[in-house]
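Nothing in this text is a laboratory measurement; each read-out follows from the coordinates by a stated rule. Values in this document were obtained by computation on a predicted structure and should not be read as measured data. Note that we place each Cβ from the backbone using ideal geometry, even for glycine, and neighbour counts take in every protein chain shown.
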Amino acid sequence: MDQEQVLDAISSEVKGIAEAVALQGDGAKEIKADFDATKADISTINDSVTEQGKRLDEMTSLIEQSGVKGESRERAELEIKYHREFGNLMRGTTSPEKLSGLVGEYKDALIEVATKNGDTSTVQELKAFSTDSLAGGGALVPVRMANSIVEKQRDFSDIRKFATVEKSDTTGLILPGEGADFGFGWVGERETRDTDDDGQFNDVEIPIMEARCRVPITNKMRLNRAFDMDSYITRKAAQRLSRGEGSAFAVGDGFKKPLGMMQYASGTADGQVQQVTTATSNVIAHGDLTDLKTPLRAEYRRNARYLMNRFTQGAIEKLADTAGNPLYNRGDLAKGIADSLKGYPVTLMDDLAGASETDGTFADNALVALFGDLAEFYTIVDHTTSMLMFIDPFTGADDGKVNFRFHKFVGGGVSNFEAAKILKVKPA
């Protein structure tokens, strides 16, 4: 191998090491130390060239990995530096006091970006965040990690997959809702254009609430530097937040949590979701599913789907049309084919009311299925500010565990009341 080939090989190795250092912290430093020892044996390597390439590769990696919008090289370096020190705090290899020295600088950088983007509410909230909470084990979750948790939530949450997800830098989001049909008519070339209109906008407000979850880690996992704790905690936090959010988005009562899609008043007026009652009590028949679909306007049927729990699914699987053909068709997960009912995809949501596990019957007045276009029907609002994390070494101390507690700000609500219909079981 000639010198040029050696240089190329080392440059490639340095790039990999630089990326590992940016993401893995102390664990990657040990790898780099081994690499440096090997490099010292190669007398033909020009140290200055190697260091220059290393700095360029690190700079590229830092900028690519940073989650701060409009970041300069300095902001990118600060984001990775904070993330690395945040990881050290999670592992217990640094103190909250040491991180508190960085969090002020990190917060100032986020404020600078928010100010540049005109996000005055975010600026005020960040300024109000007290770094004194670090003494209790709390910290702003790094932007990249917070974004990763939200992105992974979509993998675990069917509602997030199909509903509309918006962002807000305030305490909520106000959407314009059309309360009545706006006027329509034809006009001749020289006729006066009528400006009067019977239509009106009724604002739909979706407030943001605070959700929290707990991820336990054993002390052995925490101190094992070969263990990818970042990815593990990110995945577990996303799972727990998705489970809690999903329940609220479906059946939440609106008290300190979002108002769930099945909790709105019944009716066809603004602010109400139409409920279709089954023909017979305690059971669902073929005709009930037809009655559920019929009132949904054609524009919402194109992307419509059924929501139900697994016991309702089991009861409906036994139904057939007049020719004896099953209404429910099992999909093929290996081929990416979803289950379908009367030609529309089915999404299972265990938080919904459903058939009895013992005899397959339905309770009086139970809301057991929804049919509609979720993207039009329901809107989720995530706050733009990074979530918070607190380390609790006390609650699980007797079991050798440390609890990581995440606080996230999110809201949800129906944004188009015509885009879905709900199936209600007739009372006896």
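Within a 10 angstrom radius of the beta carbon, how do 378, 82, 300 rank from fewest other beta carbons to most?
Working: 378 27, 82 22, 300 19.
With the fewest neighbours first, 378, 82, 300 line up as 300, 82, 378.
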Next item on the list: Please tell me which of these pairs span more than 18 angstrom C-alpha to C-alpha: 161/256; 342/421; 257/421?
Entry: 161/256; 257/421
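Shape call for segment 180-333 from the C-alpha gyration tensor, a ≥ b ≥ c root eigenvalues: rounded (a/c under 1.5), prolate (a/b greater than b/c) or oblate? Present the calculation step by step, with values, prior to reporting the outcome.
Working: a/c = 2.52, a/b = 1.42, b/c = 1.77.
Oblate shape, in that a/c is at least 1.5 and b/c is the bigger or equal ratio.
If neighbour count is taken as other Cβ atoms inside 10 Å, put 321, 230, 270 in order from fewest to most. Walk me through the numbers on the way to the answer.
Details: 321 10, 230 20, 270 14.
In order of increasing Cβ crowding within 10 Å: 321, 270, 230.
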